[in-house]
Amino acid sequence: MISLFTSLLVVAAANITLTADNIPEVVSALTLEEKVRLIVGYSDGMAKAAGDVGINNKTLMGAAGATSPIERLGIPSIILADGPAGLRIRPEREGENRTFYCTGFPIGTLLSSSWNTEIIREVGEAMGNEVLEYGVDILLAPGVNLHRNPLCGRNFEYYSEDPVLAGESAAAFIAGVQSQGVGTSMKHFALNNQEVNRLSNNAIVDEQVCRELYLRQFEIAVRKAQPWTIMTSYNFINGVHSAENKWLLTDVLRGEWGFEGAVMTDWGGGYRGAAIVSAGNDMIQPGGVDWYNSLIEAVNDGTLPVEDLDKCVTRILQLIVKTPSFRKYAHSDSPDLKAHAQISRLAAAEGIILLKHNGALPLVAGSDIAVFGTASYDFIAGGTGSGNVNKPYVVNLREGLAGAGFLLNEKVDDFYAGYMKTEKARCEKINRNKNGKWYLDDERALEVIPEDVIADAASSAQSAIVTIGRIAGEGKDRSVEYNYLLSEAEKGLIKSVSDAFHRVGKKITVLLNVCGVVDVTAWEPYADDIVLCWLPGQEGGNAVADILSGKINPSGRLPMTFPMKYEDDPTYANFPRILADKPFNYSFYRSLGDGIVRHDIRNIDYTAYEEGLFMGYRYYVSRNVPVQYPFGYGLSYTTFSWDKMRMEKVEGGWNVSVCVKNTGEVAGKDVVEIYLEAPRSAADRPLRELKGFGKTRLLQPGESTVIKVFIPASECKAALSADGRMKRGWSLVPAHDASKDVDVMIGS
Ligand code: BGC
């Protein structure tokens, strides 16, 4: 194998150095071996074969991958690192006393819950700055697959069940990161909607459904923000692997949408090197000598045309010349982590959602608060797997509340200090012995119901908070029994605290520090207020305290539906059922071992998207199925009124405008969601589909502003007649959420 690399030593001398203007000449000057080296990522195996031993420790610093340098032509190696909630590199380096931590930002689901593309862009800018200053070229983010089913293990990295919200969020994030002169890799293209058997699951889906839902957010972000790269997914689509899918990568992505960047595989994704390259997939990551050999062989035996190889090499060079590594940017290794922590905190608060509001919040300043639930003391800032960030610290709820000037009820605080210490020791023992099973979630403290402490706190504290925590991560999907539903201990804790506090006329708040949708129906009546803070990043406790104290008025809105029960989900029959509390790495369920791809077991080998367009709120609204909380829903400490709604035909679409007034007592922000509403007679179309949205600035009591949203006619094709007008019965509706009750129709 290694002998193939020795041919690099005998290349014809070419007096040429890569610039942005001489890419065709450089391609001609490259030997076949050099071209293939560029395409196959610079993994440890490739680096060692080329004599660059130790690259992983020195150059990559815990990054996910790189490209091979071709020094004689002035082609540098570029570095690729995860991920959606912040840059993922190793915090420690051999021979260095200092650390290299990165800011832990809120997860993708929280960012989209903000419905605020400006703040998402700011997060992107800060993250991009860390990418630049730590010497990385491409951030392997954002993750934009739709939340097709609430239990996909990677939903936390992704934005929404709706392609317009996901696409706009992605475009803002990409624009922010790339404004720093570094690239992004929008992933996972496409239909990577489950983790079970992710390396070979075949998504069987109608092309129209694909285009309207599962590809749509990619299209929006490509057209608006041109990510430098796109990462293909691990799965097959209608029998063709995404990484080898010419229709997807060449016809649709480049041909129809005008994508100008490079495409790379997901790590180890794809089966046949020649098919990957011929499909228009430029980079095989993280690479390996076997991939290298198979491509050389494919060119030599004629299965891979050199022209296909050259197209990919050209695109890789076009990417390289844009990077900081090519510009020889002298990175500081010292981004402004303090400033970025502030952005993380603000963004987190902007996406926190008030689900129920019955007088518990905001908390009375300086009051005595009884803080229950183990997650309050061991807050979950982010998910696991490649979406995890090595962050310097995590502010938990206890610290956040103390910092905001609240008194922590002494008895409760003492109890948890002791309990968490014992539990920490127990968990650490288990977590130390994972035997390399990286995909297993860490053992966490077990929930407990300290009845005596609760009874005491009900008389001494003014209010109680119960935090429920849920983590998820790459490589496995969530279980209904062990992850979606609350455990008996969790429900018991909420009920006990609720009973004790209500008995003496005091209120309780339940805080959901969760990775995705969980059941609320079973315990909702016990909570006065419910706050959903997702996994809010390293500043989580502070951001939540900002909301609980009323320093910031909640303005997040749900980017997905909370059903009454999981079984109501339209994809219920077409999604794997996980029966264990700590599932083994389901991502390798069937494909690994003998290398044979099988497509015969339902929901494992293949997944049928039988729900068609009726996924998420499109189903619940159209079929009148009651939900716990609809898509787009979220409350505020103030009230708003809407009037002067206008719909104006303009070039290429409509401007929909709404005058929003803060009619309450405190400052706040509102979100205007614009849905295309179909007549009931159009049974094949969802009743409502989000087509645009706008968020107000902070409105003081009595203040108003006009939100104007442009809805392109191209977004409303189903509603248009041949002359480009909207057909009878169709309308654009501004609404507070996707539920069937129309707030106010345009013109009414
Ligand atoms: C994940 C990607 C990630 C890559 C590199 C893969 O396992 O699916 O999202 O970017 O690893 O870490």
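The values are calculated or read from the model by the stated rules, or taken from the named source; none is laboratory data. All values reported here derive from a predicted model rather than from experimental measurement. Cβ coordinates were reconstructed from backbone atoms using ideal geometry, including for glycine residues, and neighbour counts include every protein chain displayed. To get the accessible areas, we keep the full protein, side chains included, count just its heavy atoms, and leave off ligands, DNA and RNA. Shrake-Rupley method; radii C 1.70, N 1.55, O 1.52, S 1.80 Å.
In the set Thr314, Thr303, which member is part of a loop (DSSP other than H, G, I, E, B) and touching a helix residue (DSSP H, G or I) at 6+ places or on another chain (Cβ under 7 Å)?
Values: Thr314 fails: part of a loop (DSSP other than H, G, I, E, B).
Selected residue: Thr303, the only one of Thr314, Thr303 that is part of a loop (DSSP other than H, G, I, E, B) and touching a helix residue (DSSP H, G or I) at 6+ places or on another chain (Cβ under 7 Å).
Test each condition in (1) farther than 17 Å from Val510 by Cβ; (2) more than 16 Å from the ligand (Cβ to nearest atom) for Ser386 and report the one that comes out false.
Checking Ser386 against (1) farther than 17 Å from Val510 by Cβ; (2) more than 16 Å from the ligand (Cβ to nearest atom), the one that fails is (2).
Can you tell me how many residues in segment 217-228 are surrounded by fewer than 24 Cβ atoms within 10 Å (Cβ to Cβ) and either over 16 Å from Ala172 (Cβ atoms) or within 15 Å of the ligand (Cβ to nearest atom) (or both)?
Of the residues in segment 217-228, 1 are surrounded by fewer than 24 Cβ atoms within 10 Å (Cβ to Cβ) and either over 16 Å from Ala172 (Cβ atoms) or within 15 Å of the ligand (Cβ to nearest atom) (or both).
List, please: which pairs have Cβ atoms under 8 Å, are six or more places apart or on different chains, and start with a residue in segment 196-220 that is assigned to a helix (DSSP H, G or I) and end with one that is open to solvent by 10 Å² or more (accessible area, probe 1.4 Å) and among the hydroxyl-bearing types (Ser, Thr, Tyr)?
Val209/Tyr609
All but one of (1) open to solvent by less than 10 Å² (accessible area, probe 1.4 Å); (2) out of contact with any Leu (no Cβ under 7 Å at 6 or more places or on another chain); (3) modelled with pLDDT of 95 or more hold for Pro150; state the number of the condition that does not hold.
For Pro150, the exception is condition (1).
So which of Gly436, Gly418 is open to solvent by 50 Å² or more (accessible area, probe 1.4 Å), over 12 Å from Phe372 (Cβ atoms) and not polar (S, T, N, Q)?
On the way: Gly418 fails: open to solvent by 50 Å² or more (accessible area, probe 1.4 Å).
Result: Gly436 is the single residue among Gly436, Gly418 that is open to solvent by 50 Å² or more (accessible area, probe 1.4 Å), over 12 Å from Phe372 (Cβ atoms) and not polar (S, T, N, Q).
Please find, among Gly51, Gly62, the residue that is within 16 Å of the ligand (Cβ to nearest atom) and surrounded by fewer than 22 Cβ atoms within 10 Å (Cβ to Cβ). Can you show your working first?
Values: Gly51 fails: within 16 Å of the ligand (Cβ to nearest atom).
Criteria check complete, one pass: Gly62.
Can you name the condition, by its number, that Asn281 falls short on among (1) open to solvent by 20 Å² or more (accessible area, probe 1.4 Å); (2) touching a strand residue (DSSP E or B) at 6+ places or on another chain (Cβ under 7 Å); (3) part of a loop (DSSP other than H, G, I, E, B)?
Of (1) open to solvent by 20 Å² or more (accessible area, probe 1.4 Å); (2) touching a strand residue (DSSP E or B) at 6+ places or on another chain (Cβ under 7 Å); (3) part of a loop (DSSP other than H, G, I, E, B), only one is false for Asn281: (1).
Could you list, in sequence order, all residues of segment 460-505 that are among the charged types (D, E, K, R), over 16 Å from Tyr416 (Cβ atoms), crowded, with 19+ Cβ neighbours inside 10 Å and away from the ligand (no atom under 16 Å from the Cβ)? Walk me through it before giving the result.
First, the residues of segment 460-505 that are among the charged types (D, E, K, R): 470, 474, 476-478, 481, 488, 490-491, 495, 499, 503.
Okay, now just the ones that are also over 16 Å from Tyr416 (Cβ atoms), so 470, 474, 476-478, 481, 488, 491, 495, 499, 503.
The next check asks that each one be crowded, with 19+ Cβ neighbours inside 10 Å; those that pass are 470, 474, 476-478.
Passing the criteria: Arg470, Arg478.
Quick one: would you say Leu87 is part of a strand (DSSP E or B), modelled with pLDDT of 95 or more, within 15 Å of the ligand (Cβ to nearest atom) and not assigned by TED's automatic domain parsing to the domain that holds Gln342? Show your work before the answer.
Numbers: part of a strand (DSSP E or B): no; modelled with pLDDT of 95 or more: yes; within 15 Å of the ligand (Cβ to nearest atom): yes; not assigned by TED's automatic domain parsing to the domain that holds Gln342: yes.
The answer is no for Leu87.
Being of a type outside the set (Val, Ile, Thr), assigned to a loop (DSSP other than H, G, I, E, B) and at pLDDT 95 or above is the filter here; which residues of segment 652-675 pass it?
Restricting attention to segment 652-675, the residues satisfying the condition of being of a type outside the set (Val, Ile, Thr) are 652-655, 657, 659, 661-662, 664-665, 667-670, 673, 675.
Next, from what is left, pick out any that are assigned to a loop (DSSP other than H, G, I, E, B): 652, 664-665, 667, 669-670.
Once the filter is applied, which keeps residues that are of a type outside the set (Val, Ile, Thr), assigned to a loop (DSSP other than H, G, I, E, B) and at pLDDT 95 or above, segment 652-675 yields Gly664, Glu665, Ala667, Lys669, Asp670.
Taking into account only those residues within segment 284-295 that are polar (S, T, N, Q) and over 15 Å from Val313 (Cα atoms), which is surrounded by the fewest Cβ atoms within 10 Å (Cβ to Cβ)?
Quick first cut of segment 284-295, residues polar (S, T, N, Q) only: 285, 293-294.
From what is left, the residues that are over 15 Å from Val313 (Cα atoms) are 293-294.
Numbers: Asn293: 15, Ser294: 19.
Ranking the qualifying residues of segment 284-295, first place goes to Asn293.
Return the only residue of Glu207, Glu157, Glu195 being at pLDDT 95 or above and within 14 Å of the ligand (Cβ to nearest atom). Give the steps one after another, and end with the answer.
Details: Glu207 fails: within 14 Å of the ligand (Cβ to nearest atom); Glu195 fails: at pLDDT 95 or above.
None of the other options fit; the residue is Glu157.
If I filter segment 133-152 for residues that are small (Gly, Ala, Ser), within 16 Å of the ligand (Cβ to nearest atom), outside any loop (DSSP other than H, G, I, E, B) and touching a strand residue (DSSP E or B) at 6+ places or on another chain (Cβ under 9 Å), do I get at least one hit?
Keep residues of segment 133-152 that are small (Gly, Ala, Ser), which gives 135, 141, 143.
Those still in the list that are within 16 Å of the ligand (Cβ to nearest atom) too: 141, 143.
Checking the rest, the ones that are also outside any loop (DSSP other than H, G, I, E, B) come to 143.
Cutting the leftovers down to touching a strand residue (DSSP E or B) at 6+ places or on another chain (Cβ under 9 Å) gives us 143.
Within segment 133-152, one or more residues are small (Gly, Ala, Ser), within 16 Å of the ligand (Cβ to nearest atom), outside any loop (DSSP other than H, G, I, E, B) and touching a strand residue (DSSP E or B) at 6+ places or on another chain (Cβ under 9 Å).
Only one of (1) touching a Gly at 6+ places or on another chain (Cβ under 8 Å); (2) open to solvent by less than 40 Å² (accessible area, probe 1.4 Å); (3) over 30 Å from Ser200 (Cβ atoms) is not met by Ala457, so which one is it?
Here Ala457 clears every test but (1).
In this structure, does Asp442 turn out to be open to solvent by 60 Å² or more (accessible area, probe 1.4 Å) and free of Cβ contacts under 8 Å to residues at least 12 places away in the same chain?
Details: open to solvent by 60 Å² or more (accessible area, probe 1.4 Å): yes; free of Cβ contacts under 8 Å to residues at least 12 places away in the same chain: no.
When the stated conditions are applied, Asp442 does not pass them.
From the list Gly183, Gly176, exactly one residue is open to solvent by less than 10 Å² (accessible area, probe 1.4 Å), within 16 Å of the ligand (Cβ to nearest atom) and over 18 Å from Gly269 (Cβ atoms). Which is it?
Gly183
If you check Asn202, Asn192, which single one turns out to be buried (at least 24 other Cβ atoms within 10 Å of the Cβ) and either among the small types (Gly, Ala, Ser) or out of contact with any Leu (no Cβ under 6 Å at 6 or more places or on another chain) (or both)?
Working: Asn202 fails: buried (at least 24 other Cβ atoms within 10 Å of the Cβ).
Among Asn202, Asn192, only Asn192 is buried (at least 24 other Cβ atoms within 10 Å of the Cβ) and either among the small types (Gly, Ala, Ser) or out of contact with any Leu (no Cβ under 6 Å at 6 or more places or on another chain) (or both).
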